[in-house]
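The structure under discussion appears below in the form of C-alpha cells.
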Amino acid sequence: MALEKITQVSGRGVYVPGDDIDTDRIIPARFMKCVTFDGLGEFAFADARAAAKEAGEVHPLEDPRFSGASILLSGSNFGCGSSREHAPQALYRFGIRVIIAESFAEIFFGNSTTLGMPCAVMSTGNIREVAGLIEANPAAELTLDLFENKLSIADVDFPAALPDHAREALVTGRWDAIADLLEGIGEVRARAALLPYMAC
Amino acid sequence: MSQTLLDKVWDAHAVRTLPNGSTQLLIGTHLIHEVTSPQAFGMLRDLGLKVLYPSRTFATVDHIVPTDEREEPFSDSLADEMIRALRSNCAENNITFFDLPSGRQGIVHIVGPEQGITQPGTTIACGDSHTSTHGAFGAIAFGIGTSQVRDVLATQTMAIRKPKVRRINVDGKLTPGVYAKDVILHIIRQLGVNGGLGLAYEYGGSTFDAFTQEERMTVCNMSIEGGARVGYVNPDETTFAYLKGRNYSPKGEAWAPAVERWRGFASDPHASYDDVVNYNAADIAPTVTWGINPGQAIFIHERVPRPEDVPEKDRSTAEEALAHMHLKPGEPIKGTKVDVAFLGSCTNGRLSDLTEVARFIRGKKVRKGVKAIVVPGSQGVSSLAESMGLAAIFRDAGFEWRGAGCSMCLGMNPDKLVGEQLCASSSNRNFKGRQGSPTGRTVLMSPLMVAAAALTGEVSDAREVFGIK
C-alpha cells in the first residue's frame with residue numbers, strides 16, 4: 001500500500017476562530033448514526049453554521065468568499081473531546097486538507113494524521129496575521145511545506161510545524177500505520193504469547 | 001531502576017519501534033461498540049484482512065440504544081441499522097457481543113470492569129475517548145479513532161507514542177457531600193482542558209487509596225476532559241477485591257498468581273514523574289460547570305465568573321460560554337433554573353452512584369415540571385438496583401427508571417434536550433449541542449447534586465437540600 005508522500009499542500013484558506021473547538025462542534029453526535037463515513041462532509045460544523053445563519057451572520061464555512069478553501073485555521077486545543085474519527089473525516093470530506101491551530105487535542109491529531117491530513121501548530125499571533133491576509137485576499141494561495149516547517153502566503157513565510165513523528169509519517173508516505181503494523185505480526189504473536197491474559 | 005506503572009505496562013506490550021519512532025503497542029483487550037466499529041469492519045473487508053485475536057475483542061451496544069422502548073426493530077431506522085451491523089460483524093468474526101438480550105449489555109466502560117475483563121497491567125483500547133475509565137484498575141487504556149479500531153482488529157496493535165506521566169496526588173478526607181466527581185472537576189478546573197496534552201495522569205494519594213473502584217473509575221473516566229488520553233490508579237487490594245469472582249477474572253488456582261502479577265505493575269515507590277501536582281481533599285467543595293467545557297467549573301457557592309476575571313487567553317471562550325448558557329456574570333450559579341435532571345453515563349451510572357442518591361431521596365419528590373431520568377449504566381447495574389429496591393425508591397420519587405445505555409450524555413438516541421432546556425447532568429461533557437439540542441445547556445455535577453437539582457428545580461447545594469453536615 002504505497003501512500004502519497006505528503007510534503008507540500010497548497011490551497012486557499014479559511015479561518016474558523018475559537019479555542020477548545022470540540023468534536024461535538026465539528027460533527028454533532030446525531031449525525032454519527034451511520035455505518036460508513038460517506039456523506040459526513042455536509043455536516044461539518046452543522047450546528048455552528050445553522051446558528052450563525054439564524055443570527056443573521058455567515059459562518060466562515062458558508063461564506064462564498066472562502067468556498068473551496070482547503071486549509072483551515074483555528075485556535076488552541078482544536079478537536080478536543082470525543083475520539084470520533086467522524087470529526088476529521090467530516091472535515092476531510094468537506095474538502096479540508098490541512099489544519100493549522102495553536103494546539104491540537106491528541107486523539108484528533110492522530111486521527112487526522114492517519115487520514116493524511118496534516119495538523120500543523122502555529123502561534124496565535126501568526127494565525128491571526130494569516131487570517132487577516134486571508135480576509136484581505138480570500139483567493140490567496142497558502143502552502144504548507146512539511147520539510148521547511150512553514151506556511152507561505154503571498155511570499156510571506158510563517159513557522160508552522162508538526163511533531164517529528166507525524167511529519168516523518170506524512171513525508172515518507174507512512175501516515176496510515178496499517179502496512180507497518182501488519183509487517184510486525186510475527187513479533188506481535190511472540191509478544192502476546194508472553195502475556196497470560198492474552199491466552200484467555 | 002524505579003518505574004511507573006505506565007513504564008512497566010508499556011515494556012510488557014511494546015512489540016517494536018516503527019520507522020517514524022512510534023511504538024507498535026500490543027493491545028491486549030479491545031472493546032468495541034456500534035458507533036465507531038462498523039467503518040473499521042468495512043475497511044477490514046476492503047483490505048481482505050481478518051480479526052487477529054477475536055477472543056480478545058468484546059462488543060456491546062450503548063450509544064444508540066433507546067432507554068425506554070427497547071424492542072427491535074428500533075423506530076429509528078439508522079439506529080436499527082447500526083445494531084444489526086454490529087451483530088453481524090461480531091457473528092462473522094467470532095467476537096463476544098454483550099447484546100441486548102444477554103443481560104450483560106450496557107455502556108462499554110461499565111461493562112468491561114463489571115465483567116472482569118478490565119484487569120491491571122493490561123492494555124485496553126476502544127473507539128471512545130472515555131476508555132480512560134479502565135485505568136482505574138491499573139490498566140493503560142486508550143480512546144482511539146476508527147482507523148485505529150481497524151488496526152487493532154487486524155493486528156491487535158496500534159502505533160502510538162509513549163506519553164509522559166503527571167502524578168496527581170489528592171490527600172485527606174473529602175468532606176460530606178463531596179464526591180469523586182467533584183475531585184475530577186476540580187482537577188480539570190485547575191489544570192485546564194488541555195493541561196494533560198501528551199500526558200498520562202497517575203492519580204494517587206490517601207484520597208485515592210480510600211476510594212472504591214467505582215470512585216476511581218469516575219475520576220479516570222474524565223481524564224480526557226483534561227486533555228490526558230490516559231489516566232490510571234495503581235492497583236491495590238481494593239482493585240483485587242473488586243475483580244474477585246467476576247465472569248472474566250482468573251479463577252481457582254489462577255487467581256493468586258494473577259494478583260501477584262498485578263501487584264507488580266504498580267508504580268515503584270520512588271518512581272520519577274515528569275510532573276507532580278498536589279491537592280487537599282478538604283479544599284474541594286461540590287463543583288458544577290457554568291460553561292461549555294468541563295474546565296469551566298466553580299464550587300456551588302461561587303459566582304459565575306465575569307469575563308474580565310478570567311485569564312486573557314480564556315476570555316473569548318468564557319464570553320461564548322456565558323452567551324450560550326444565558327448565565328449572568330457575577331451572579332451565583334446556585335438557584336439557576338433546571339428543566340431536566342440526568343443521572344447516568346459512563347462517569348456516574350454505576351451501582352454506588354445510584355445507592356448513594358437513593359439513600360437521600362427516599363420519600364422525597366422531584367419538583368413539578370422537572371423531567372428527571374435515571375439510566376443505569378448496564379443491565380447488570382439495573383438488575384442489582386431493582387433487586388435492592390433502589391429502582392422503586394427512584395420511581396416513588398418521580399424519576400423515570402430507564403434501560404441501560406449512554407442516554408442523554410450525547411444526542412445519539414431518543415433521550416435529548418429540547419430547545420434551550422438546562423440539564424443538571426452527572427455526565428462528562430457540557431459542550432454546545434452535546435445533549436442533542438444545539439441550544440441545549442448542560443451543567444455537570446455529581447449524582448447527588450443532580451438529585452438535589454431534580455428535587456428543587458434549580459442548581460442547588462446537595463448538602464443544604466439533604467441536610468448533610
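Shown for B:Cys346, A:Cys34, B:Cys220: other C-beta atoms within 10 Å of each C-beta, ranked fewest to most, produce the order A:Cys34, B:Cys346, B:Cys220.
The HN-Hα couplings worked out from phi for the stretch B:334-349 by the Karplus form 6.51 cos²θ - 1.76 cosθ + 1.60 (θ = phi - 60°) are 4, x, 5, 5, 10, 9, 9, 10, 10, 10, x, 5, 5, 7, 9, x Hz, whole numbers, x standing for Gly and Pro.
Working note: Karplus 6.51/-1.76/1.60 with θ = phi - 60° gives the stretch B:233-247 the couplings 10, 5, x, 8, 4, 4, 5, 5, 4, 4, 7, 4, x, 7, 3 Hz, where Gly and Pro are set to x.
Of the peptides A:157-164, A:78-85, the order by per-residue mean of other Cβ atoms within 10 Å, starting with the highest, comes out as A:78-85, A:157-164.
Positive end of the dipole of the protein assembly as shown (Cβ unit charges, origin at the Cα centre): among B:Asn293, A:Ala69, B:Pro311, the Cα lying farthest that way belongs to B:Asn293. Neighbour counting of Cβ atoms within 10 Å sorts the residues A:Tyr15, B:Tyr279, fewest neighbours leading, into B:Tyr279, A:Tyr15.
Dividing the convex hull volume of the alpha carbon atoms of chain B by its residue count gives 148 Å³ per residue.
Protection proxy ranking, highest mean first, for peptides A:113-122, B:90-99, A:132-141, A:173-182: A:113-122, A:173-182, B:90-99, A:132-141, where packing is the per-residue count of other beta-carbon atoms within 10 Å, averaged.
What the phi angles of the stretch B:94-105 give under the Karplus curve with 6.51, -1.76 and 1.60, with θ = phi - 60°, is a coupling list of 6, 9, 5, 10, 7, 7, 3, x, 6, x, 10, 5 Hz, glycine and proline written as x.
Close amide H pairs (under 5 Å, H built 1.01 Å from N) link B:Val338 with B:Glu458, B:Val459, residues at least 5 positions away or on another chain. Cross-link partners for B:Lys164 among the lysines, with Cα-Cα distance under 28 Å and sequence neighbours closer than 8 places in the same chain left out: A:Lys150, B:Lys8, B:Lys181, B:Lys313. Which shape class, rounded, prolate or oblate, goes with the stretch B:309-367 when its Cα gyration tensor gives a ≥ b ≥ c as root eigenvalues, a/c under 1.5 marks rounded, and past that a/b bigger than b/c marks prolate? Here the stretch B:309-367 falls in the prolate category. When only alpha carbons of the stretch A:8-175 are considered, Rg and Dmax amount to 14.9, 45 Å. Note: relative contact order over the stretch B:5-275, using C-alpha pairs below 8 Å and six or more positions apart, is 22 percent. Each Lys and Arg contributes +1 and each Asp and Glu -1, all at the Cβ; summed about the Cα centre of the stretch A:42-200, the dipole is approximately 420 debye. Note on the stretch A:25-53 and the stretch B:385-449: Cα centroid distance 23 Å, given to the nearest whole angstrom. The charge dipole of the stretch B:5-275, taken about its Cα centre with unit charges on the Cβ of Lys, Arg, Asp and Glu (plus for the first two, minus for the last two), comes to roughly 800 debye.
Can you tally the net charge around B:Leu52? Count Lys and Arg as +1, Asp and Glu as -1, for every other residue whose Cβ sits under 11 Å from the Cβ of B:Leu52.
Numbers: positive: A:Arg189, B:Lys50, B:Arg56; negative: B:Asp151.
Charge balance in the 11 Å sphere: +2.
Between A:Val14, A:Ala154, A:Gly41, the Cα set farthest toward the positive side of the dipole of the stretch A:8-175 (charges on each charged residue's Cβ, about the Cα centre) is that of A:Gly41. Global dimensions of the stretch B:418-469 from alpha-carbon coordinates: Rg and Dmax equal 11.8, 39 Å.
What value does the stretch B:5-275 have for Rg/Rh, both radii from Cα atoms and Rh as Kirkwood defines it? Rg divided by Rh gives 0.97.
The distance from the alpha carbon centre of the stretch B:164-178 to that of the stretch B:251-327 is 9 Å, rounded to a whole number.
Quick check on the protein assembly as shown: helices-only [θ] at 222 nm, where DSSP H runs of length 4 and up contribute -39,500 (n - 2.57) each and the sum goes over total residues. Nearest 500, please. Walk me through the numbers on the way to the answer.
Numbers: 25 runs with 219 residues, N = 669.
Dividing the helical sum by the residues of the protein assembly as shown leaves -9000 deg cm²/dmol.
Compute the label zone of A:Thr143 within the stretch A:87-114: residues whose backbone N is under 18 Å from the point 7 Å along Cα-to-Cβ. Residues A:97-99 fall inside that zone.
Cross-link partners for B:Lys368 among the lysines, with Cα-Cα distance under 16 Å and sequence neighbours closer than 8 places in the same chain left out: B:Lys337. Only one residue of B:Pro19, B:Gly405, B:Gly363 has its Cα farthest out toward the positive end of the dipole of the protein assembly as shown, where Lys and Arg carry +1 and Asp and Glu -1 on Cβ, and that residue is B:Gly363. Label sites at A:Glu42 and B:Ser272, each approximated as a point 7 angstrom past Cα along Cα to Cβ, lie 5.7 nm apart.
Put simply, the amide H of A:Ala140, placed in the peptide plane, has no neighbours under 5 Å, leaving out anything fewer than 5 places away on its chain.
Dividing the Cα convex hull volume of the stretch B:286-465 by residue count, how many Å³ per residue is that? Numbers along the way, then the final one.
Values: hull volume 17.5 nm³, N = 180.
Given the Cα convex hull of the stretch B:286-465, per-residue volume reads 97 Å³.
Using unit Cβ charges (K, R positive; D, E negative) and no other charged atoms, how large, in debye to the nearest 20, is the dipole of the stretch B:319-400 about its Cα centre? Show your work: numbers first, answer last.
Working: 12 positive and 9 negative charges, 90 e Å.
Rounded to the nearest 20 debye, it is 440 debye.
Values in this text are rule-based calculations from the coordinates and carry no lab data. It should be emphasised that the depicted structure is a prediction, and the values quoted were computed from it without experimental measurement. Glycine gets a Cβ as well: all are built from the backbone with ideal geometry, and neighbour counts include every protein chain shown.
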